[in-house]
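Participant: Got a structure here, written out as structure tokens. Questions coming.
Readers should treat all values here as calculations from the given coordinates under stated rules, not as data from a laboratory. Remember, it's a predicted structure, so these values are computed and weren't measured experimentally. Every residue, glycine as well, gets a Cβ built from its backbone with ideal geometry; the counts of neighbours run over all protein chains shown.
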Amino acid sequence: MTTDLRISNISKIYPGCIANDNVSLQFKSGKIYALLGENGAGKSTLVKILSGVVSPDNGEVFLNEKNLKLSSPLDAKKNKIGMVFQHFNLFETLSVFENLSIDATEDNKSLRVRINEILKKYNFSIDLDVPVLNLSAGHKQKVEIIRCLLRSPKVLIMDEPTSVLTEQETEELFISLKKFCDEGILIIYITHKLKEVLSLCDEVAVMRKGKVVSVSQTQNEKIETLANKMVGQKLAKIKKKINISKNKDEIFKVKHLNFYSDDPFETNLVNLNFSVKKGECLGIAGISGNGQNELFQILSGEIITPDTSIIFRNKEIAKLNPKQRREYLMAFSPEDRISQAAVPELKIYENVALNNFKSSNFFEKGLVNEKKIKEHSKKILSDFSVNTDNVELKSQFLSGGNLQKLILGRELITAPELLICYNPTWGLDVGAINYIHETLIKINDQEKSTILISTDTEELLKLSDRIVVIYKGKLSKIMPSEEVTPEKLGVLMGGGSID
Amino acid sequence: MIKIEKRNDVPMVLYFFTPFIAIILTILGGGIIFYILGFNPIEALKFYFITPISNLYGFSELLLKATPLCLIAIGLSFCFKSNNWNIGAEGQLTFGAIVGGGVALLFYNQEGFYILPLVILAGAIGGMIFALIPAVLKTYFNTNEILVSLMLVYVSKLLLDYLVVGPWSNPEGFNFPETRQFNDSSRMPLLFEGLRIHAGIFLALAAVMLSWFILYKTYLGFQIKVSGLSLKTAKYAGFKGKTMILVVFMISGACAGLAGVGEITGPIGQLHRMISPDYGFTAIIVAFLGRLNPFGIIFASLVVALTYLGAETAQIFLQIPKYIGQVFQGMILFFLLASDYLLFFKVKILSLKKNELRH
């Protein structure tokens, strides 16, 4: 039996923003549909309407020509619309089976039988009796999917499902999704990753500013055409710069970096050695969870490891804390911009004061020099085109892209000799990504160096002069980036070896 | 089904307004309790909240009780703002009183203008040292400061017990568990003839001003604020986390020590077993009722001091045990936490209302 889902003239207005503006879309089972758009384009609102979390101000949803009243998530479940959110709704301390049995209507015995059938059918290997906290993100997502499958859904909506997955897990997910599709489940795949749209989906609807701007067959699209539709303007394509750093001095050198942790959630680092030349970008690739967190914290001075030697501009800095390292003109942009690089409850100028380098005079003789901090903050806001000029604004009201610009601005205004950044464009929209990439290239053009720790291979290939891969806490050989192909990188990131 | 959601933006006006709601609810709750106990609630509440401060003497008593509460709460606000949970201010108060009292006893037969400052200083240092114990254990051995500081309360109280019964007991005191009376040179000067309010209140006011300055105008205050909001960020910014823990505990201990020394050199005039009606614990309520804000704490310490006084009048006029005061203090804390909860989260009943759940 085919499923036919029709969204008709849906509008949703929030105070100060039109989230969905007269959206009409049609989906038929047997195909995988992509819903593509930047952050804030209105995809999430639409999905929330479909899953009953939000009700629209206007418009209707039809499933097989039946008008659906979706006023709560329960209604969506009743109508066989399943939904896997980006953030998992699982009880970490309960076992997989307990999580699945919470909202089940049958007895445990038959439930277990049905779960096992699903596991077998789709080749999932999950131990039902381990606590969820011991599962990888990919497995947690599978548990969420099983939860949907138990209700034999007609429609399965996946919201940015690959943001937490490794490449391999992503591949597995795609295989499963194609299987579900063949079995007649209608799949709506929400993403802002263009490549995934092209490799997985049959049809793509692009949303921008609350409106559907295009619906097309993916076979007729390319990355560039989709990107242009999504952003609404022709993107200036960033050129990969020429490798100019062959005979430059090494300004940053790490020797014998070892890190052992008792915490099972941390990765041990084993004898890392590398160096960065002046004006160079060293890319550190890897699937997340292979030691990047620990490496970043050691490079920034948040963790001090004994016996490590870190030479920066001919000085030994391994024992210095982040503030002291900043005085030597290093700068850091951590992955977690929301709760580490900035404090959401603090005002913009207070967040700027976190980078309290000596010549800033933010705190003279231990006293706050508010005027100075605010002047400085204003300069950052305008120099780095942050979308506000109000330094009193709490940073929680900045969008991801603007927050990242603020953080980079704060770190770069000291004209550091070395910037270490970790997933600087994670979760940002194309416009912001472009801006940040341009900024990072500009740094290298000014003969300053960068270390780019990233899980995004495209970004690494675009920006790095040399690339090294981290896998299970060990580094691969360092390679000039013109010798590196995405395939090669993929093999190394998955733990394989080349040549 | 009930659903609880975090509110995205809490207006600051409401944030400072909820303590007043908590106080009003406490008064209503108190009225209900009096009614159940068989009293006319209006009359009883009048005895509790109005009678104690209806004359000058009562007002002076209010300030007298508010002084140590304010001092301790000011100190605690440094700890609480930076995510350090010092629960043992009562112990730091006691130890400060022991050290300060010890110095006062040393000078029991001497006179001089320098004696009182010495005694006060000794009290502050005593509190500071005692607060350093949980701080050092926390920074260097990862112990939990809540447990350590709380358990140390009993250590200091037993030490005081031992001293007043044993080595420091008054040789002319017929074996009563108390020390000699302090010399006038180590007593806080009284502000008015016939009233017990003493110069210690200026210490509290100075602490308010100084703490406001430190918290809002200095680098230390900025570090305290950031660490309280996000330890991850504090680490990333390169703040010296260990030093800061030690500093906030020292400030907090010194304030509690001052409160203790203010009590023994003020209204009490000697050391004995009962130098504090749990001011150190009640000050925790004061700190939160005052929103950890120096000026808020002044206001909160007056309100909570009134619950002490009211309990005494209730005991006299209504023959209710004065422990009713603790009931009122408990209610203040309960209603404050409850209204905070409703301030930061919204509760939705899903099945009854068909309203949408906005993100």
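Participant: Mean residue ellipticity at 222 nm from the helices of chain B, using -39,500 (n - 2.57) per DSSP H segment of n ≥ 4 over the full residue count, to the nearest 500 deg cm²/dmol?
Facilitator: Calculated from helices alone, the mean residue ellipticity at 222 nm is -22500 deg cm²/dmol.
Participant: Suppose R0 equals 30 Å. What FRET efficiency, 1/(1 + (r/R0)^6) with r the Cβ-Cβ distance, do B:V165 and B:I24 give to the nearest 0.05?
Facilitator: Working: r = 45 Å, r/R0 = 1.51.
Given R0 = 30 Å and the Cβ-Cβ separation, E is 0.10.
Participant: A further question follows. Regarding region A:342-499, what is the average projected area of its C-alpha convex hull, in nm²?
Facilitator: Averaged projected area of region A:342-499's Cα convex hull equals 10.8 nm².
Participant: For region B:1-143, what is the convex hull (Cα atoms) projected area averaged across all directions, in square nanometres? The partial results should precede the final answer.
Facilitator: Details: hull surface 65.5 nm².
Result: a mean projected hull area of 16.4 nm².
Participant: Based on DSSP, what percent of beta bridges with both residues in region A:4-231 are antiparallel, to the nearest 5? List each step's numbers first, then the result.
Facilitator: Values: 23 of 42 bridges.
So the antiparallel bridges amount to about 55 percent of the total.
Participant: Points 7 angstrom from Cα along the Cβ direction at A:I338 and A:E487: gap in nanometres?
Facilitator: Going by the 7 Å Cα→Cβ label model, 3.8 nm.
Participant: Related question: Shielding by partners for A:293-303, please: the mean number of other protein chain Cβ atoms within 10 Å of each residue's Cβ. Please list the in-between numbers first.
Facilitator: Working: counts 0, 0, 0, 1, 2, 0, 0, 3, 3, 5, 1.
Neighbouring Cβ atoms belonging to other protein chains average 1 per residue here.
Participant: Name the residues of region B:149-193 whose amide N is less than 15 Å from a point 7 angstrom out from the Cα of B:R273 along the C-beta direction?
Facilitator: Under cut-off, by backbone N: B:157-166, B:169-170, B:175-179.
Participant: Which of A:Q219, B:M244, B:G296 sits farthest toward the positive end of the charge dipole of the protein assembly as shown, with +1 on the Cβ of Lys and Arg and -1 on the Cβ of Asp and Glu?
Facilitator: My answer, from the dipole projection, is A:Q219.
Participant: Turning to a different aspect of this structure: I need the calculated FRET efficiency for the pair A:Q86 and A:F357, taking r as the beta carbon distance and R₀ as 30 Å, to the nearest 0.05. Display every interim value, and only then the final one.
Facilitator: Numbers: r = 36 Å, r/R0 = 1.22.
Once rounded, the FRET efficiency stands at 0.25.
Participant: Along Cα→Cβ, 7 Å out, is where each label goes; now give me the distance between the ones at A:K371 and B:N109 in nm to one decimal.
Facilitator: 6.1 nm
Participant: With 10 angstrom as the radius, rank A:M83, B:M250, B:M151 by how many other C-beta atoms surround their C-beta, starting from the fewest.
Facilitator: Numbers: A:M83 24, B:M250 20, B:M151 13.
Placing the least packed residue first, the sequence is B:M151, B:M250, A:M83.
Participant: Okay, moving on. How fast does chain A diffuse by Stokes-Einstein, in µm²/s, taking the Kirkwood radius from C-alpha pairs at 25 °C and 0.890 mPa s? Don't skip to the answer; put the middle values down first.
Facilitator: Values: Rh = 24.8 Å.
Rounded, D is 99 µm²/s.
Participant: Find the relative contact order for region B:133-202 and round it to a whole percent, using C-alpha pairs within less than 8 Å whose residues are 6+ positions apart.
Facilitator: Working: 50 pairs, mean separation 9.4, N = 70.
Relative CO of region B:133-202 lands at 13 percent.
Participant: Given a Förster distance of 45 Å, report the FRET efficiency between A:L111 and A:N268 from their Cβ-Cβ distance, rounded to the nearest 0.05. Let's see the in-between values first.
Facilitator: Values: r = 39 Å, r/R0 = 0.87.
About 0.70, to the nearest 0.05.
Participant: Just want to confirm a number: the relative contact order over chain B, from Cα pairs under 8 angstrom separated by 6+ residues, in percent.
Facilitator: Details: 596 pairs, mean separation 121.4, N = 359.
Rounded, it is 34 percent for chain B.
Participant: For region A:8-91, place one equal point scatterer on every Cα, skip the solvent, and apply the Debye formula. What is log10 of I(q)/I(0) at q = 0.12, 0.23 Å⁻¹?
Facilitator: Log10 I(q)/I(0), no solvent term: -0.36, -1.34.
Participant: For region A:427-499, how big is Rg over Rh, using alpha carbon atoms and the Kirkwood form of Rh? Don't skip to the answer; put the middle values down first.
Facilitator: Details: Rg = 13.2 Å, Rh = 13.3 Å.
Taking Rh as the inverse mean 1/r over Cα pairs, Rg/Rh reads 0.99.
Participant: May I pose another question? With a bin width of 10 angstrom, please list the P(r) values of region B:189-248 as percents of all Cα-Cα pairs, from the 0 bin to the one holding the largest distance.
Facilitator: 20, 35, 19, 15, 9, 2
Participant: Put a dot 7 Å past each Cα toward the Cβ at A:E65 and B:Y341; how far apart are the dots in nm?
Facilitator: Using points 7 Å along Cα→Cβ, the separation is 5.2 nm.
Participant: Next up: So if a site counts as exposed when it's one of the chymotrypsin sites (Phe, Trp or Tyr not before Pro), its DSSP state isn't H, G, I, E or B, and it has at most 13 other Cβ atoms within 10 Å, what's the longest stretch of chain B without one? Walk me through the numbers on the way to the answer.
Facilitator: Working: sites that count: B:F113, B:Y114, B:F174, B:F192, B:Y323.
Within chain B, the longest run free of exposed chymotrypsin sites (Phe, Trp or Tyr not before Pro) spans B:193-322.
Participant: Next question. What size of dipole, in debye to the nearest 20, comes out for chain A about its Cα centre when the only charges are +1 on Lys and Arg C-beta atoms and -1 on Asp and Glu C-beta atoms? Mind showing how you got there, number by number?
Facilitator: Details: 67 positive and 64 negative charges, 195 e Å.
It comes to approximately 940 debye.
Participant: Please state, rounded to one decimal and in Å, the Kirkwood hydrodynamic radius that region B:221-359 gives when every pair of distinct Cα atoms enters the mean of 1/r.
Facilitator: Numbers: mean 1/r = 0.0535 Å⁻¹.
Value: 18.7 Å, from the Cα pair sum.
Participant: For the protein assembly as shown, treating each Cα as an identical point scatterer without solvent, what Debye log10 I(q)/I(0) comes out at q = 0.09 1/Å?
Facilitator: The computed values of log10 I(q)/I(0) come out as -1.06.
Participant: Quick one: dipole size for region B:87-204, taken about the Cα centre, charges +1 on Lys/Arg Cβ and -1 on Asp/Glu Cβ, in debye to the nearest 20.
Facilitator: For this selection, approximately 220 debye.
Participant: Please list, in chain and number order, the residues 5+ apart from A:K31 or on another chain whose amide H is under 5 Å from its amide H, with Hs placed from the backbone.
Facilitator: So A:K31 has HN proximity to A:I187.
Participant: Shifting gears a bit: Give the Rg/Rh ratio for region A:4-231, taking Rg as the radius of gyration of the Cα atoms and Rh as the Kirkwood radius, to two decimals. Can you show the working numbers first?
Facilitator: Working: Rg = 17.5 Å, Rh = 18.1 Å.
In region A:4-231, Rg relative to Rh is 0.96.
Participant: By count of other Cβ within 10 Å, fewest leading, how are A:S24, B:S227 ordered?
Facilitator: Working: A:S24 13, B:S227 23.
The most exposed by this proxy come first: A:S24, B:S227.
Participant: While we're looking at this one, here's another question. Let me have the 222 nm mean residue ellipticity of chain A computed from DSSP H runs of 4+ only, each contributing -39500 (n - 2.57), with the sum over all residues rounded to the nearest 500. Before the final figure, lay out each step's value.
Facilitator: Numbers: 16 runs with 157 residues, N = 499.
Result for chain A, helices only: -9000 deg cm²/dmol.
Participant: Taking the Cβ of A:L63 as the centre, find all other residues whose Cβ is under 12 Å away and add up their charges (Lys, Arg: +1; Asp, Glu: -1).
Facilitator: Working: positive: A:R6, A:K28, A:K66, A:K69, A:K78, A:K80, A:K154; negative: A:D4, A:E60, A:E65, A:D75.
Spelling it out: positives minus negatives among the neighbours equals +3.
Participant: Shifting gears a bit: Within the set A:K248/A:K358; A:K222/A:K462; A:K142/A:K179; A:K278/A:K474; A:K374/B:K217; A:K472/B:K232, which residue pairs have Cα atoms separated by over 20 Å? Write down the numbers at each step before the final one.
Facilitator: Details: A:K248/A:K358 29 Å; A:K222/A:K462 18 Å; A:K142/A:K179 14 Å; A:K278/A:K474 24 Å; A:K374/B:K217 14 Å; A:K472/B:K232 24 Å.
Where the Cα-Cα span goes over 20 Å, the pairs concerned are A:K248/A:K358; A:K278/A:K474; A:K472/B:K232.
Participant: Another one. What ratio of Cα Rg to 2.2 N^0.38 Å holds for region B:199-300?
Facilitator: Details: Rg = 15.7 Å, N = 102, 2.2 N^0.38 = 12.8 Å.
In units of the 2.2 N^0.38 Å rule of thumb, it is 1.23.
Participant: With θ set to phi - 60° and the Karplus curve 6.51 cos²θ - 1.76 cosθ + 1.60, what are the ³J(HN,Hα) couplings of region B:224-238 in order, to the nearest whole Hz, using x for Gly and Pro?
Facilitator: Each residue of region B:224-238 in turn: 4, 4, 5, 4, x, 7, 7, 5, 4, 5, 4, 5, 5, 6, x Hz.
Participant: Ok, one more. P(r) for region A:116-198, please, calculated from all Cα pair distances in 10 Å bins and given in %.
Facilitator: Once binned at 10 Å, the Cα pair distances of region A:116-198 give 16, 53, 28, 3.
Participant: With a cap of 15 neighbouring Cβ atoms within 10 Å, and only residues DSSP puts in a loop, list the chymotrypsin sites (Phe, Trp or Tyr not before Pro) found in region A:29-105.
Facilitator: Values: sites: A:Y33, A:F62, A:F85, A:F88, A:F91, A:F97; in loops: A:F85, A:F88, A:F91.
Answer in residue order: A:F91.
Participant: Taking only the alpha carbons of region A:63-179, what extent do you get along each of the three principal axes, in Å, biggest first?
Facilitator: Cα extents, longest axis first: 41, 35, 25 Å.
Participant: In region A:1-93, which GluC sites (Glu not before Pro) fall in coil by DSSP and have 15 or fewer other Cβ atoms within 10 Å?
Facilitator: Details: sites: A:E38, A:E60, A:E65, A:E92; in loops: A:E38, A:E65, A:E92.
Taking region A:1-93 and a limit of 15 other Cβ atoms within 10 Å, the loop GluC sites (Glu not before Pro) found are A:E65, A:E92.
Participant: A further question follows. What whole-number volume per residue, in cubic angstrom, does the convex hull of the C-alpha atoms of chain B give? Each step should come with its number before you reach the end.
Facilitator: Values: hull volume 61.7 nm³, N = 359.
Per-residue hull volume (Cα only) is 172 Å³.
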